[in-house]
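A short worksheet on the structure shown next.
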Amino acid sequence: YDAGHIPGAIPLPEVSSLEEFKAFQQKYGTNTQVIVYCSSTSCSISRRVAERLIREFGFATVRYITG
């Protein structure tokens with residue numbers, strides 16, 4: 001994130017605590033469309049974060065982008 005990010009992006013790294021994920025959920029709500037992205041095409045972190053947001057936190061619309 002510090003190296004560069006999409007304007008308006010909100011950092012939620014895979015290593016974020018449960019409390020940080022819950023705070024994100026409370027702030028944005030599960031009906032918010034979320035797009036998670038990585039910094040390279042060989043990175044699979046965005047997919048894992050997206051799956052966690054859906055599975056554990058009930059987000060309805062989550063997409064992920066690599067690269």
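The values are calculated or read from the model by the stated rules, or taken from the named source; none is laboratory data. Computed from a predicted model, the values in this text were never measured in an experiment. Note: ideal-geometry Cβ built from the backbone for every residue, glycine included; neighbour counts use all protein chains shown. Accessible surface areas use protein heavy atoms only, side chains included; no ligands, DNA or RNA. Shrake-Rupley method; radii C 1.70, N 1.55, O 1.52, S 1.80 Å.
A few points about this structure:
- For Ala9, the conditions (1) open to solvent by 50 Å² or more (accessible area, probe 1.4 Å); (2) not in a helix (DSSP H, G or I) are fulfilled apart from (1).
- Restricting the range 41-67 to residues that are in contact (Cβ under 8 Å) with a residue 12 or more places away in the chain and in a helix (DSSP H, G or I), the residue that is nearest to Gly29 (Cα to Cα): Leu53
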